[in-house]
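Notes for the one structure printed next.
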Amino acid sequence: MRPDLKHYSLAQWLEFLGQLHPKMIDMTLERVCQVRIALGLTPACPVIIVGGTNGKGSVCAILESILTTAGYHVGCYTSPHLIRYNERIRIRQKEVTDQQLCEAFILVNQAREKLGISLTYFEFGTLAAMHLFASAQVDVAILEVGLGGRLDAVNIFDADCAILTSIDLDHMDYLGNSRDAIGYEKAGIFRRNKPAICAETDLPCSVGQLAKKINAQLKIINQDFGYTEKVNQWNFWSRKGWRRTLPLPALRGAYQLQNASACLMALEMLSDQLPVSMQAIREGLLKVSLPGRFQVLSNQPMIILDVAHNPAAAHALAKNLEITRPSGKTFAVFAMLQDKDIYGVMQELAHHIDIWLLSSIDAPRGANAGELLQNLYKLKITRESHSIHKFEDIESAYAFACEQADKNDRICVFGSFYTVGAVLGHQETGKGK
């Protein structure tokens with residue numbers, strides 16, 4: 001190993017990881033599996049793997065909150081991050097330190113160099129996360145799939161319980177161009193004779209077929225479990241009976257009860273290994289937090305942050321915007337990545353936006369404001385029908401929105417983790433409204 005790597009800062013390590021492998025996304029497990037074996041990373045605790053198109057972060061956060069409240073030492077690995085890489089790896093609900101990450105990166109790098117193997121940025125981080133969880137002797141590890149499932153780096157670990165949140169068209173270049181093909185890839189996290197929880201209400205046939213083939217304990221929402229919503233509370237049901245008068249999750253959004261139901265079903269299936277009381281469930285639901293998922297920063301004007309970056313997520317955001325419609329105008333601070341369905345996202349939200357603030361993203365896959373504008377024109381949204389402004393960066397678009405909006409207006413920041421992360425970073429530096 002190069003001597004200078006031992007003295008790298010976290011920023012230097014992340015730059016190194018970004019350049020290490022010729023492909024940013026490399027859908028194979030052979031390389032990362034070899035390094036896992038060399039590191040001796042075989043989890044001694046239950047592992048919960050969470051996959052799906054949308055809702056993964058929410059499910060991880062709800063599980064983490066409930067299990068922590070129940071007294072377990074929880075390791076949680078999610079991606080991408082909004083501001084700091086450290087957000088991706090939490091132990092006992094605290095982000096790991098720069099020093100912990102750098103020490104883990106050194107160990108992973110030594111192992112992969114001995115084997116003469118290169119790793120992607122995500123593969124490297126996944127191994128570092130599990131090493132840190134093992135070192136901390138966590139009681140349970142929650143791992144969020146990065147892309148797909150079957151060939152995602154987290155799938156080198158066997159799930160004691162797998163959760164599929166939703167299945168929609170996204171990452172089609174890697175996963176296939178139909179829900180059936182995408183469902184098959186995402187169901188690749190299922191394991192033989194182990195619980196497989198599905199919160200998708202319209203489950204593709206491929207998921208059930210794969211579960212049957214490996215005899216996974218498949219539990220499907222509205223068939224094996226579900227929920228009923230009441231005023232300011234909800235009830236969960238499964239084949240074992242009802243859990244009534246539960247508090248609504250602290251995460252906003254109508255779809256969160258679907259996510260919470262999947263979590264409760266998973267905990268029911270894991271009750272022998274990880275028993276959880278009703279009190280812990282109630283408290284965990286009330287305490288859960290997750291930045292960037294219909295996160296409300298202020299009320300006058302209402303400022304909403306949402307990482308919605310595909311049409312399905314945009315559809316859910318549109319529903320929430322309809323419920324919280326202001327008396328004034330809605331400003332959209334909008335930026336997306338080039339390889340996403342920009343038109344589809346705009347189409348879902350067009351009727352809820354009065355003023356479009358289009359921003360470029362300064363990242364390898366970032367779309368520029370001009371590309372976003374062309375998609376607006378395709379939707380017949382023009383400068384004559386709407387107020388449209390272009391910006392070189394997200395911070396400038398957000399600052400403009402804060403200057404122009406009055407207390408009855410609404411600012412909605414959406415389109416990417418980059419978009420929301422830039423605004424949260426802007427807030428952290430004390431420059432936000």
Between HIS81 and ARG325, what is 0.36 nm times their sequence separation minus the Cα-Cα distance? Round to one decimal in nm.
84.9 nm
Sort PHE417, PHE157 by accessible area with a 1.4 Å probe, largest first.
PHE417, PHE157
Cβ-based net charge around ARG92, under 13 Å, with every Lys or Arg adding one and every Asp or Glu removing one:
-1
Got the relative contact order for segment 175-242 handy, in percent, Cα pairs under 8 Å and 6 or more residues apart?
26
Size of the dipole of segment 110-218 about the Cα centre, Lys and Arg at +1 and Asp and Glu at -1 on the beta carbon, nothing else charged, in debye to 20?
480
Please work out the FRET efficiency for the pair LYS390 and ILE214, using the Cβ-Cβ distance as r and a Förster radius of 56 Å; give the result to the nearest 0.05.
0.65
For n ≥ 4 DSSP H runs only, could you compute -39500 (n - 2.57) per run for the chain, divide by its residues and tell me the 222 nm figure to the nearest 500?
-12000 deg cm²/dmol
Per-residue accessible area, 1.4 Å probe, largest first, puts LYS329, LYS114 in the order LYS114, LYS329
Percent of alpha carbon pairs in segment 186-275 separated by more than 23 Å?
25
So, over other residues within a Cβ distance under 12 Å of ALA318, counting Lys, Arg +1 and Asp, Glu -1, the net charge is -1
Roughly how many Å² of ILE48 are accessible to a 1.4 Å probe, to the nearest 10?
0
Given backbone amide H placed at 1.01 Å from N, residues whose amide H is under 5 Å from that of ILE303, ignoring those fewer than 5 places away on the same chain, are LEU297, SER298, ILE411
Equivalent ellipsoid dimensions for the chain as semi-axes, Å, which come from the Cα gyration tensor, largest first:
33, 28, 21
Please calculate the 1.4 Å probe accessible area of PHE331, with all protein chains present, and give it to the nearest 10 Å².
10
Between segment 194-234 and segment 56-99, what is the C-alpha centre distance in whole Å?
24
Treating only Lys and Arg (+1) and Asp and Glu (-1) as charged, each at its beta carbon, one finds that the chain has a dipole about its Cα centre, in Debye to the nearest 20, of 960
With point charges of +1 on the Cβ of Lys and Arg and -1 on the Cβ of Asp and Glu, referenced to the Cα centre of the chain, which listed residue (ALA181, GLY40, PHE225) lies farthest in the positive direction of the dipole?
PHE225
Among LEU372, PHE417, ALA399, whose Cα sits farthest toward the positive end of the charge dipole of segment 363-421 (+1 at Cβ of Lys/Arg, -1 at Cβ of Asp/Glu, about the Cα centre)?
LEU372
Can you tell me which lysines have their Cα less than 17 Å from the Cα of LYS240? Leave out same-chain residues fewer than eight positions away.
LYS219
Ordering ARG31, ARG244 from largest to smallest accessible area (1.4 angstrom probe), what's the sequence?
ARG244, ARG31
With every protein chain kept in place and a 1.4 Å probe, segment 301-406 has an accessible area per residue in Å² of 43
Please give the solvent-accessible surface of SER271 in Å², to the nearest 10, using a probe radius of 1.4 Å with every protein chain present.
50
Going by Cα centres, segment 358-415 and segment 128-152 are how many Å apart?
36
Toward the positive end of the charge dipole of segment 287-349, about the Cα centre and with charges on Cβ (Lys, Arg +1; Asp, Glu -1), which of GLY292, ALA312, GLN347 goes farthest?
GLY292
So between GLN93 and LYS240, what do we pick up on full extension, going 0.36 nm a residue minus the alpha carbon distance?
49.9 nm
Note, THR68: beta-carbon cut-off 11 Å, +1 each Lys/Arg, -1 each Asp/Glu, net +1
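The values are calculated or read from the model by the stated rules, or taken from the named source; none is laboratory data. Keep in mind the model is a prediction, meaning the values are calculated, not measured. Glycine also receives a Cβ, built like all others from the backbone with ideal geometry; neighbour counts cover every protein chain displayed. Just so you know, the surface numbers come from the protein's heavy atoms only, side chains and all, with ligands and any DNA or RNA stripped out. Shrake-Rupley method; radii C 1.70, N 1.55, O 1.52, S 1.80 Å.
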